[in-house]
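Engineer: Take a look at the following structure, please.
The values are calculated or read from the model by the stated rules, or taken from the named source; none is laboratory data. These figures come from a predicted structure and were not determined experimentally. Here the Cβ is made from the backbone with ideal geometry for all residues, glycine too, and neighbour counts use every protein chain on show. For the accessible areas, the whole protein counts, side chains as well, though only heavy atoms, and no ligand, DNA or RNA atoms are used. Shrake-Rupley method; radii C 1.70, N 1.55, O 1.52, S 1.80 Å.
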Amino acid sequence: MSTTPKLSAKISAIAESATLKVDAKAKALQAQGRPVISYAAGEPDFATPAHIVEAAIAAASETRNHRYTPAAGLPDLREAIAAKTLRDSGLAASANQVLVTNGGKQSVYEAFQVLLNPGDEVIVPTPYWTTYPEVIALADGVAVDVFADASQDYKVTVEQLEAARTDRTKVLLFVSPSNPTGAVYTPEETAAIGRWALENNLWVITDEIYQNLTYSGAQAVSIVEAVPELAEQTLLVNGVAKTYAMTGWRVGWTVGPASVIKALSNLQSHLSGNVNNIAQRAAIAALTGPQDDVEAMRQAFDRRRGLIVSELNKIEGFRTPTPEGAFYVYPDVSALLGREWGGVTPTTSLELADLMLDQAEVAAVPGEAFGPSGYLRFSYALGDEPLLEGVQRLQKLFG
């Protein structure tokens with residue numbers, strides 16, 4: 001009797017993206033007619049600015065965009081990304097130090113593939129974006145979590161990083177502003193961490209996808225601007241998705257030493273080839289065109305940030321630090337666990353999230369997706385009215 005051949009053990013071990021899973025469940029319930037309000041997906045509710053869409057429409061009719069183009073990206077886009085990197089990250093890079101990818105997620109995946117050998121360790125400040133541990137494992141690396149709780153505003157210290165370092169440590173992952181917490185490291189904190197990485201001869205992967213979404217005067221200083229000597233051992237990951245409301249366009253990039261970008265380009269030439277040319281032309285318009293819509297969206301996120309923090313903190317048992325960047329809040333809800341709510345006694349934030357979805361029709365992502373239990377992630381990148389209504393449902397549920 002024959003049996004079905006088994007799948008790759010490595011691929012079988014991958015967990016589905018928790019944020020996408022929760023969002024898909026919420027959308028399925030909405031399709032059934034249930035009035036679910038979802039804070040799950042990190043996706044701006046705004047339309048992509050009109051001039052970007054117009055550039056894509058025009059590009060679609062140009063024959064040159066109907067053909068294969070260089071795997072590393074269109075030269076004009078690589079130049080625009082280099083200019084943006086100098087402007088916002090303080091790093092002077094040439095176009096041959098830029099690789100255009102199918103969204104920031106592909107940049108992250110490829111970076112670990114190129115840097116890691118089996119058993120190499122990556123220090124991952126925690127809470128972390130749910131994809132990081134999976135792509136580290138796919139590169140045969142070992143993720144070493146370093147956890148900072150709400151009392152630290154979810155920011156790790158040099159002392160914590162040093163305690164986690166071993167002779168197998170090869171890479172430091174640095175993310176500011178953070179997904180899922182919205183934490184932004186100060187320039188001084190960033191410089192201290194950068195100097196530590198330099199002294200210990202570590203590669204740094206810095207995810208800067210939210211760098212233009214900061215509030216209350218906070219500035220997400222790039223680690224290569226804080227410590228310029230790090231440039232030769234740092235990969236900067238970024239993209240248009242969050243800043244320009246272009247999540248579905250799938251344009252990201254990596255900036256780094258030319259030799260590493262060449263290796264990444266070789267990988268991508270076999271993995272996917274060039275990114276969709278229409279989307280690349282749209283990204284050029286985003287980076288080089290007017291930025292008025294970007295500022296308007298940032299101001300809207302700032303307003304929603306104040307609203308959700310103040311309303312969540314009205315719920316006894318929610319401890320919600322005020323984030324300084326991105327568009328997430330990450331309340332500590334451990335005080336709600338072990339208590340009965342609507343006949344159910346959740347003992348984990350996963351069970352609490354299920355309770356909220358079942359009894360209040362509110363979807364949030366549990367802390368287990370990002371590290372330890374006891375937390376929930378709420379994205380405030382949704383309309384003002386549903387944002388307020390969802391929190392009011394929780395106030396009623398836990399009141």
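Engineer: If I model a spin label at Gln359 and Thr347 as a point 7 Å from the Cα along the Cα→Cβ vector, what separation in nanometres do I get?
Structural biologist: Computed distance between label sites Gln359 and Thr347 equals 1.7 nm.
Engineer: Want the number for Gln32 to Glu199: 0.36 nm per residue separation, take away the alpha-carbon distance, what's left?
Structural biologist: Taking Gln32 through Glu199 to full extension adds about 54.5 nm, to one decimal.
Engineer: In whole Hz, what ³J(HN,Hα) sequence does the stretch 218-232 give by Karplus (6.51, -1.76, 1.60; θ = phi - 60°), x for Gly and Pro?
Structural biologist: 5, 10, 8, 5, 5, 5, 7, 7, 5, 9, x, 5, 6, 4, 7
Engineer: Straight-line reach from Lys84: which lysines have Cα under 24 Å away, leaving out those fewer than 8 places along the same chain?
Structural biologist: Cross-link targets: Lys105, Lys242, Lys262.
Engineer: Can you pull out the trypsin sites (Lys or Arg not before Pro) in the stretch 1-60 whose DSSP state is coil and whose Cβ has at most 11 other Cβ atoms within 10 Å?
Structural biologist: In loop regions of the stretch 1-60 (DSSP not H, G, I, E or B), the sparsely surrounded trypsin sites (Lys or Arg not before Pro) are Lys6.
Engineer: Sticking with this structure for a sec: I'd like to check one number: the per residue accessible area of the stretch 131-177, probe 1.4 Å, reported in Å² as a whole number.
Structural biologist: Solvent-accessible surface per residue comes out at 40 Å².
Engineer: While we're on this one: Fully extended, how many nm does the chain gain between Glu340 and Asn313 (0.36 nm per residue separation, minus their Cα-Cα distance)?
Structural biologist: Stretched fully, the Glu340-Asn313 segment lengthens by 7.7 nm.
Engineer: Roughly how many whole Å is it from the C-alpha centroid of the stretch 219-243 to that of the stretch 104-177?
Structural biologist: Each part's Cα centre sits 16 Å from the other's.
Engineer: Mind giving me the nanometre distance, one decimal, between the label points for Gln299 and Glu54, set 7 Å out from Cα along Cα→Cβ?
Structural biologist: 2.1 nm
Engineer: Convex hull over the Cα atoms of the stretch 110-223, averaged projected area in nm²?
Structural biologist: The orientation-averaged projected area of the Cα hull of the stretch 110-223 comes to 6.7 nm².
Engineer: When the chain is fully extended, how far beyond the present Cα-Cα distance does Ser61 get from Ala24, taking 0.36 nm per residue of separation?
Structural biologist: 9.9 nm
Engineer: Measure off 7 Å from each Cα along the Cα-to-Cβ vector at Ala9 and Gln291, then give the distance between these two points in nanometres to one decimal.
Structural biologist: 5.0 nm
Engineer: Further question: Counting Lys and Arg as +1 and Asp and Glu as -1, each charge on the Cβ, what is the dipole of the chain about the Cα centre in debye, to the nearest 20?
Structural biologist: Around 920 debye, computed over the chain.
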